[in-house]
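> A single structure is presented below for examination.
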Amino acid sequence: MAVKIVRQVKSIALLGAPTSAAGLAGGQEGAPAALRAAGLADRLSSAGFQITDYGDCAPRVYKPDDEHPRARNVGEVLAILEELRPKVEIAVKSGALLVILGGDDSVVLAAIAGARRYYRNVSLISMDRDAGLNVPATTSSGCLDGMVISHVIGRGAPELVRFWGEPPLVREPDVAVFGIDRVDEPEQRSLVRSPLHRYLAVDLKNRSLAATAQEALDTMHGSRHEFVLLLDLDVIASEDFAATNFPGSGGLSLEDVRQALPVFARQPTLGAFVVAGYNPARDTDAKAAKTIVDLLVSVLSPRLEAPAAAESAVPIMPTNAESAAASGDAATTAAPPPKPSGIAADAISALVNPASEPADSAIPSSGGAPEEPPPDTLPEGEAPSE
C-alpha cells in the first residue's frame, strides 16, 4: 500500500545527534546544544518556517579505544545510529525538511537509512574538506569519521556497512563529494577508480559555485528524487571558520559555501540536511555558532519562496532494505554507471597528503607494518584484515 508524503517545504524538523564517537577528539557532542543556545530555532521561526523540534538523542562521546584500532568506538557509533534512525523516519514521513544538528559525520548514515524507509532512490551530496574514503584496511587512525563515504557505498567498517540490511546505502554513481581539499594516498587510489562524482575545492575556485552546485545536483538527479545533504563545517577555510577539530587553510571560503549551499538547500527533494563538524569547545565566544546560525538561515530561506505546487502529495511506496537494495541492483544491471563528473585524476593526485589525513596524525601508527592492500582488492563480503 502506498504512503503519501506531502512535502512541506516551509516546515523544518530539528533533530539533535550529539556525538563525537566517530572522531578522534571530543567536543563535537556539544554542537546541538550550542546551536540551540545560539537561537537557531527562533531564527528559523522568525524567518517564516514552521519548526518541529524532535529533541536530541543520548550523547555519545569520543574515548580512546585501543581494542579496535581500525574502527575506534564502532559500538558507540552504531548505538547512536540505531537510536537516530527511527526518529529520522518519523521526521521524513512528516514531509518537513529534516535538519540534523550532528557532531561527527557518521550520523549521515542514519539520515540516509531513514529516508530510504520511504524513498527507493536516495542520493548523497557531501560538502566536506575530506574525501571520507578511508577504510579499516588503509587507515592508521581507526577514525570512523574519515571513512563516512566508504560506509555509505559499502566499503567501510563491516558493522556500519551492515547497518543497512543489504548495502550499499547509496550507489557510488549517486554520490557527489563537493569541496574536497584533503586526500590521502589510499583515498586517491579509490577516488580515481570510483564512479562517484567529485568536485575539488581548487577546481571550484575557477568556476561559478552556484552553477557547479547545480551541475552536481543534476548529476545526482536531485531535482527528480530525494537526496541527503551533508555539510561538514571543516569544508570552510580556517581563516573564516576554525571551530572544528581539524581546520585547514585554503579550500572553500565562507562566501563560496554561501553561494553553493542554497542551490542544494532550496530543493523540495532535499529529504535531510546534516550539519556536522562544529566543536563549541573551540568557540569560547560563541561567534562561530552565530556564523553557523546565520549561514543556515540564509541558505534555507529561499525555500520559503517555493511555489505551492512543490508541496503537492507525492505517492511513495514504503520499502524495506531488501526491496530497496533490489531496486538499486536492478538499476545497476539495466545501465552502466555514468562516468564520474568533476575533476581529472591528475588534479586529485596534486592534493594527496604525503602523510595520512589530519585525523590520523593524532594517533601514531604502529610503524614498520607493510602497507595493506587497497579496499577493492579484498574479496567481496570479506571484512578488511586488521
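The values are calculated or read from the model by the stated rules, or taken from the named source; none is laboratory data. Predicted model only: the values in this text are computed from it and were never measured. Here the Cβ positions follow ideal geometry from the backbone for every residue, glycine too, while neighbour counts run over all protein chains shown. Surface areas here come from the heavy atoms of the whole protein model, side chains and all, with no ligands, DNA or RNA. Shrake-Rupley method; radii C 1.70, N 1.55, O 1.52, S 1.80 Å.
> Extension gain His68-Glu239, at 0.36 nm per residue separation less the Cα-Cα distance, in nm?
Length difference between fully extended and current span is 58.1 nm.
> Ignoring ligands, DNA and RNA, what percent of the 1.4 Å accessible area of region 64-112 is carbon and sulfur?
On the way: 780 of 1530 Å².
In region 64-112, the share of accessible area belonging to carbon and sulfur is 51 percent.
> Would you please classify the overall shape of region 211-281 from the alpha carbon gyration tensor, given that a ≥ b ≥ c denote the square roots of the eigenvalues, rounded means a/c under 1.5, and beyond that prolate means a/b larger than b/c while oblate covers the rest? Please list the in-between numbers first.
Values: a/c = 3.01, a/b = 1.81, b/c = 1.66.
In terms of gyration-tensor shape, prolate.
> Here is a follow-up. Could you order peptides 34-45, 115-126, 284-295 by the average number of other Cβ atoms within 10 Å of their residues, highest first?
Working: 34-45: 17.9, 115-126: 24.1, 284-295: 16.4.
Descending mean neighbour count gives 115-126, 34-45, 284-295.
> Using a 1.4 Å probe, how large is the accessible area of Ser238, given in Å² and rounded to the nearest 10?
We get 40 Å² for Ser238.
> What full-extension length gain, to one decimal in nm, is calculated for Ala79 and Ser298 as 0.36 nm per residue of separation minus the Cα-Cα distance? Mind dumping the intermediate values first?
Details: separation 219, 0.36 × 219 = 78.84 nm, distance 3.32 nm.
Separation in residues times 0.36 nm, less the Cα-Cα distance, equals 75.5 nm.
> Okay, next question. So for the pair Lys4, Gln50, with labels modelled 7 Å out along Cα→Cβ, what separation do we get in nm?
Placing both labels 7 Å beyond Cα along the Cβ direction yields 1.6 nm.
> Ignoring everything but the protein chains, give the 1.4 Å probe accessible area of Tyr199 in square angstrom, nearest 10.
For Tyr199, solvent-accessible area is about 0 Å².
> For His151, His221, give the ranking by accessible area with the largest first, probe 1.4 Å. Intermediate values should be presented prior to the final figure.
Values: His151 5, His221 65 Å².
Output order, biggest surface exposure first: His221, His151.
> Next up: Distance in nm between label sites at Asp42 and Arg207, each 7 Å beyond Cα in the beta-carbon direction?
Going by the 7 Å Cα→Cβ label model, 4.1 nm.
> Using a 7 Å offset from the Cα along the Cα-to-Cβ direction at both Leu254 and Asp285, what is the distance between the two label points in nm, to one decimal?
About 1.2 nm, to one decimal.
> Could you please put Ile51, Ile180, Ile90 in sequence from largest to smallest accessible area, using a 1.4 Å probe? Mind dumping the intermediate values first?
On the way: Ile51 55, Ile180 0, Ile90 105 Å².
Descending accessible area places them as Ile90, Ile51, Ile180.
> With a ≥ b ≥ c the root eigenvalues of the C-alpha gyration tensor of region 1-49, is it rounded (a/c under 1.5), prolate (a/b larger than b/c) or oblate? Intermediate values should be presented prior to the final figure.
On the way: a/c = 5.00, a/b = 1.46, b/c = 3.42.
Since a/c reaches 1.5 but b/c is at least a/b, the shape of region 1-49 is classed as oblate.
> How big is the Rg/Rh ratio for region 129-266, C-alpha atoms only, Rh by Kirkwood, two decimals?
Working: Rg = 14.9 Å, Rh = 15.6 Å.
Rg/Rh for region 129-266 comes to 0.95.
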